[in-house]
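*Asks:* Take this structure first; my questions come after.
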Protein chains: 2
Amino acid sequence: MKHVAALAGVGIKTVSRVVNGEPNVSEETAARVWSAVRALDYHVDLQASSMRRAGGRTDTLGLLVSSVDNPFAAAITRAVEDVALTRDVAVFASSLDDDAAREELAVEAFLRRRVDGLILTTMSRSLSYLRPTLERGTPVVCIDREPLAADVDVVVSDNREGAASATRHLIAGGHRRIALIADRPDIQTAVDRRDGFLEALGGAGIPTLDIPVVMGVHDPESAYDAVHALLASENPPTAVVTAQNLITLGALRALQEAGARHTVALVGFDEVSMGDLLDPGVTVVRQDPQSIGRIAAERVFARIDGDESASQRHVVGTELVIRGSGEIRPRDSR
Amino acid sequence: MKHVAALAGVGIKTVSRVVNGEPNVSEETAARVWSAVRALDYHVDLQASSMRRAGGRTDTLGLLVSSVDNPFAAAITRAVEDVALTRDVAVFASSLDDDAAREELAVEAFLRRRVDGLILTTMSRSLSYLRPTLERGTPVVCIDREPLAADVDVVVSDNREGAASATRHLIAGGHRRIALIADRPDIQTAVDRRDGFLEALGGAGIPTLDIPVVMGVHDPESAYDAVHALLASENPPTAVVTAQNLITLGALRALQEAGARHTVALVGFDEVSMGDLLDPGVTVVRQDPQSIGRIAAERVFARIDGDESASQRHVVGTELVIRGSGEIRPRDSR
DNA sequence: ATGAAAGCGCTAACAC
DNA sequence: GTGTTAGCGCTTTCAT
C-alpha cells in the first residue's frame, strides 16, 4: 500500500480510501490510485486490515464437518460456501473424522485464525471447551448433532422422527422382525435414530427385546459384516433400517452377495447416490443438507451482525422416498 | 498477549517465547505463563504473528475445485486437508462452478488473505491473471486441468489415455458405433477425453466422421436428454462413453427409462458411487483423486519450503474397472 | 479532499 | 533467562 501510494503520488490513507470504496476522494485521484494498484498487482491485506478495523472482523468462517468427503457433509459445505460468497467471506473447511481430539484441535486452529464464526459438527455433548469462546461473543452454530448443555444455535435433521417414519413404513408393510444398523453410540445422531427406531416399534406394540440393534457400525465394511452376520443368524430379520449413508452402502453389498436384495427389505437414513437406479430402488429417509448448511450460515451471519436474541433450534424435516427396497414384503409373515 | 503477560507478571516477549515453544525460558516462568494462558483462554493471533514472522507465512492454503459437492473434488479436498493437517496449515476451500469469472474472484479472495500457496482447478488456459502472483513467488499447483502457457506444477489424470482405454475396451467388445457424451469444450479435460476417444477409434480404423460426439453436456439432466435423443435417432449407438461422473448418472437414467441398460454398453469416466451394485455393474475408468490431492499438496509445500526446481508435471494413472455395463455386446454387429 | 500520527497483536533484533 | 524497541500493513482519529 505504501508503494501504491508512492507510485500514485498520494498519501497512504488515500489509497486506503480508494481501495475500500470510501467517499471523499476525487475521481482523478482515484483513477491514479487504481492504475498504480494494477501496475503493482496490489491486493489489500485482509489480515492487516482486520487488525485495525472496528469489530476486528476477518471475513472468515470455520466449518467443521464429519468429513468433506462424505456426500452429506459435502452438500452442507457447498451450501455454507454459497451463503458466505454473497458476503465475501472465505470458509475454512475441516474434517472431524468423528474424533473428539481432532474436534478441539480444529476449533483451536480456527480460533487462532480469528474466524468470525464457527459452524460445527461436534462429538462433544457439552461444548465445555468452547465456553470462553462463547462468552467472548464468537458465534457458534452446531449442525447435524445437538449439544446438550450449551447455549448455541442449532440446526439438525429430525433424526428421531425420520428413523421412526422409516420404521413405521416397514411395520406397515407387514414386517415384525426389523434390524437396525447404526453408527457409534458416541455419535449423537446414531442414538437419536435408534431411539426413533425403538419408539416406532414400541408404538406398534412390537416387543423390542429381541430386536437386533447393532450399534458401532461406522463404515461400509463393518456394515457389510453386520448384515452378513444378521442374515446368517438363527432368526434373520425380514427388514433392515440402516442409519447412515455409508452403512446403507455396506448393507446393500451384503444383501447383494447373499442374493437377498429382493427378499429382505431395506430403508436407509440419508440419501444415497443412484438410489433410484438400483433394482430394487433404495427407499431412504432423505435429509436436506442444503437447507441445513444454508440455515446454519444464515444464523452465524445474523449473530455476526449483532443478533442477540435467544439461541434458536432449527429442525430440518426429512422425507421418506419410496423406491422399492422398503416395500418388499416379509417372506414369512406368520 | 499483553494481558497474559500482565497476569503472569512477565514481559510480553516471554509470553511469545513460551507460546511458540522457543528456548531460554525457565520451567517456572513457563508454567506461570501457561496458567495465565489458560485462565484467559488465550489463543495466539496467527494473523498478527504472520505479519512479523520471517517469510510472512500465514499457514494457510487456497484450494479451488470444480465444486466441493462433486465426489471427485471432495476426495481431492480431503486429501489436501490431510496433508495440510500434518503441517498445521488450514485450507480455504472454494468452488469454481466452471465459471471463469468466479475463478478470478476466488483467487483474488485467496490472495487478499495472503495464502501461502494455491491449488487450483482452472478454466483459464493461460493463467495470465496469475502472472504477477507467480513472479512474486507464490506457489501455484494446477490440478485436474492443465494450463497451456504457465510455468506451474501440474497434477492431472491421464485423461486422453483413460478415455482411449475405455473406447478400446468397447471396440474390443465388437462395438463400432460408439457415442461420446462429454462436458463443455471450454473445460479442458472434456477436450482431452474426446481426443482420446477419437484417437482410439482412429487407431482401430473406425471412421470417426459420423460417430456421435456430443459436447457441452454439463449435468445429469442434459446427459439424460442427450442419451435419450441418441437412442431415438435413426442409427442409435450400440455403446456410449460418458466423459464425467454426472454425465454417467444422467446417461444411466436415460438407458434405464429406455429399458436399454442391458442392451446398450456404457463405460463411464470417473468412478460412480454404487457402480458395483447396479445391474449390470457400471464399468468405469477410475481416477485417483486421493493421489491427485496428496501429490498437489506435497508439491505446494515443497515449493513453500523453497524448492526452486523446474516445474513438474505429474500424471496420475487411471484404471479400467470392469463391472458389466462395458461388456455388453452389440446387438446388430454386422 | 487529503494526510500524519497512533496503534491493532505480534516477532526480530538487540539489549541487559 | 528476560525485557525493550521497532515495525509488519493497515484503519482510526484528528488535522489541515
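*Asks:* Do we find that residue B:331 is among the charged types (D, E, K, R), open to solvent by less than 40 Å² (accessible area, probe 1.4 Å) and in a loop (DSSP other than H, G, I, E, B) in this structure?
*Replies:* So residue B:331 fails the test.
*Asks:* Looking at (1) open to solvent by less than 30 Å² (accessible area, probe 1.4 Å); (2) in contact with a helix residue (DSSP H, G or I) (Cβ under 8 Å, 6 or more places away or on another chain); (3) farther than 30 Å from residue A:20 by Cβ, which is the one condition that is false for residue A:113?
*Replies:* Among (1) open to solvent by less than 30 Å² (accessible area, probe 1.4 Å); (2) in contact with a helix residue (DSSP H, G or I) (Cβ under 8 Å, 6 or more places away or on another chain); (3) farther than 30 Å from residue A:20 by Cβ, residue A:113 violates only (3).
Yes/no matrix, rows are residues, columns are (1) of a type in the set (S, T, N, Q); (2) open to solvent by less than 70 Å² (accessible area, probe 1.4 Å); (3) under 22 Å from residue B:109 (Cα atoms):
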| residue | (1), (2), (3) |
| --- | --- |
| B:23 | no, no, no |
| B:30 | no, yes, no |
| B:65 | no, yes, yes |
| B:80 | no, yes, yes |
| B:85 | no, no, yes |
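*Asks:* Follow-up question, since we're still on this one. Yes or no: residue B:67 more than 10 Å from DNA strand C (Cβ to nearest atom), touching a Ser or Thr at 6+ places or on another chain (Cβ under 7 Å) and within 12 Å of another protein chain (Cβ to nearest Cβ)?
*Replies:* yes
*Asks:* Also, I was wondering about something else. Considering every residue within region A:41-55, establish whether at least one is buried (at least 18 other Cβ atoms within 10 Å of the Cβ) and more than 11 Å from chain B (Cβ to nearest Cβ).
*Replies:* no
*Asks:* Do we have residue B:285 as within 19 Å of residue B:175 (Cα to Cα), more than 19 Å from the chain's Cα centre (by Cα) and either touching a residue at least 40 places away in the same chain (Cβ under 8 Å) or part of a helix (DSSP H, G or I) (or both) here?
*Replies:* no
*Asks:* Could you check residue A:127 against (1) within 16 Å of DNA strand D (Cβ to nearest atom); (2) out of contact with any strand residue (DSSP E or B) (no Cβ under 6 Å at 6 or more places or on another chain) and say which number it fails?
*Replies:* Going through (1) within 16 Å of DNA strand D (Cβ to nearest atom); (2) out of contact with any strand residue (DSSP E or B) (no Cβ under 6 Å at 6 or more places or on another chain) one by one, residue A:127 breaks only (1).
*Asks:* Return yes when residue B:315 is outside any helix (DSSP H, G or I), of a type in the set (Val, Ile, Thr), within 17 Å of the chain's Cα centre (by Cα) and over 24 Å from residue B:172 (Cα atoms) and no when it is not.
*Replies:* The answer is yes for residue B:315.
*Asks:* Which condition number does residue B:223 fail, the rest of (1) of a type in the set (A, V, I, L, M, F, W, C); (2) away from chain A (no Cβ under 14 Å); (3) touching a residue at least 40 places away in the same chain (Cβ under 8 Å) being met?
*Replies:* (2)
*Asks:* In region A:38-54, what count of residues is obtained for those that are under 33 Å from the mean Cα position of the chain (by Cα) and within 12 Å of DNA strand C (Cβ to nearest atom)?
*Replies:* Of the residues in region A:38-54, 8 are under 33 Å from the mean Cα position of the chain (by Cα) and within 12 Å of DNA strand C (Cβ to nearest atom).
*Asks:* Say whether the condition of being of a type in the set (D, E, K, R), more than 9 Å from DNA strand D (Cβ to nearest atom), touching a Lys or Arg at 6+ places or on another chain (Cβ under 8 Å) and within 23 Å of residue A:46 (Cβ to Cβ) is met by at least one residue in region B:33-55.
*Replies:* Within region B:33-55, one or more residues are of a type in the set (D, E, K, R), more than 9 Å from DNA strand D (Cβ to nearest atom), touching a Lys or Arg at 6+ places or on another chain (Cβ under 8 Å) and within 23 Å of residue A:46 (Cβ to Cβ).
*Asks:* With respect to residue B:4, determine if the residue is surrounded by 16 or more Cβ atoms within 10 Å (Cβ to Cβ), more than 9 Å from DNA strand C (Cβ to nearest atom) and aliphatic (A, V, I, L, M).
*Replies:* no
*Asks:* Quick one: in region B:200-238, of everything that is of a type in the set (Val, Ile, Thr) and not in a loop (DSSP other than H, G, I, E, B), which residue is surrounded by the most Cβ atoms within 10 Å (Cβ to Cβ)?
*Replies:* That would be B:227.
*Asks:* Going by the conditions given, is residue A:14 in contact with a helix residue (DSSP H, G or I) (Cβ under 7 Å, 6 or more places away or on another chain), more than 10 Å from every other protein chain (Cβ to nearest Cβ) and modelled with pLDDT of 95 or more?
*Replies:* Here the answer is yes, as residue A:14 does meet what is asked.
*Asks:* Moving to a separate point now. Report, by residue number, each residue of region A:165-187 that is assigned to a helix (DSSP H, G or I), in contact (Cβ under 8 Å) with a residue 24 or more places away in the chain and surrounded by fewer than 22 Cβ atoms within 10 Å (Cβ to Cβ).
*Replies:* We begin by selecting, within region A:165-187, every residue assigned to a helix (DSSP H, G or I); these are A:165-172.
Retained after the next criterion (residues that are in contact (Cβ under 8 Å) with a residue 24 or more places away in the chain): A:165-171.
Answer for region A:165-187, where residues must be assigned to a helix (DSSP H, G or I), in contact (Cβ under 8 Å) with a residue 24 or more places away in the chain and surrounded by fewer than 22 Cβ atoms within 10 Å (Cβ to Cβ): A:165, A:168, A:169, A:171.
*Asks:* With the condition kept exactly as written, say whether any residue in region B:145-166 is touching a Leu at 6+ places or on another chain (Cβ under 6 Å) and more than 30 Å from residue B:330 (Cβ to Cβ). Please lay out each step first, then the result.
*Replies:* Our first condition is that a residue be touching a Leu at 6+ places or on another chain (Cβ under 6 Å); within region B:145-166, this holds for B:147, B:150, B:165.
In the following step, the residues that additionally are more than 30 Å from residue B:330 (Cβ to Cβ) were identified as B:147, B:150.
Yes; the residues of region B:145-166 include at least one that is touching a Leu at 6+ places or on another chain (Cβ under 6 Å) and more than 30 Å from residue B:330 (Cβ to Cβ).
*Asks:* Hey, another quick one. In region A:70-93, which residue that is of a type in the set (S, T, N, Q) and over 14 Å from residue A:118 (Cα atoms) is nearest to the other protein chains (Cβ to nearest Cβ)?
*Replies:* Going through the qualifying residues, I end up with A:70.
*Asks:* Could you list all residues from region A:276-330 that are among the hydroxyl-bearing types (Ser, Thr, Tyr) and within 14 Å of another protein chain (Cβ to nearest Cβ)?
*Replies:* Residues of region A:276-330 that are among the hydroxyl-bearing types (Ser, Thr, Tyr), as a first pass: A:283, A:291, A:309, A:311, A:318, A:325.
Residue satisfying the conditions is A:325 alone.
*Asks:* Let me ask something additional. Restricting attention to region A:7-31, which residues are within 9 Å of DNA strand C (Cβ to nearest atom) and closer than 22 Å to residue B:132 by Cβ?
*Replies:* A:8, A:9, A:10, A:12, A:15, A:16, A:18, A:30 - these are the residues of region A:7-31 that are within 9 Å of DNA strand C (Cβ to nearest atom) and closer than 22 Å to residue B:132 by Cβ.
The values are calculated or read from the model by the stated rules, or taken from the named source; none is laboratory data. What you are looking at is a predicted structure, and each value in this text was computed from that prediction instead of being measured. Here Cβ is always computed from backbone atoms with ideal geometry, including for glycine, and neighbour counts include all displayed protein chains. Just the protein is used for accessible areas: all its heavy atoms, side chains included, with ligands, DNA and RNA removed. Shrake-Rupley method; radii C 1.70, N 1.55, O 1.52, S 1.80 Å.
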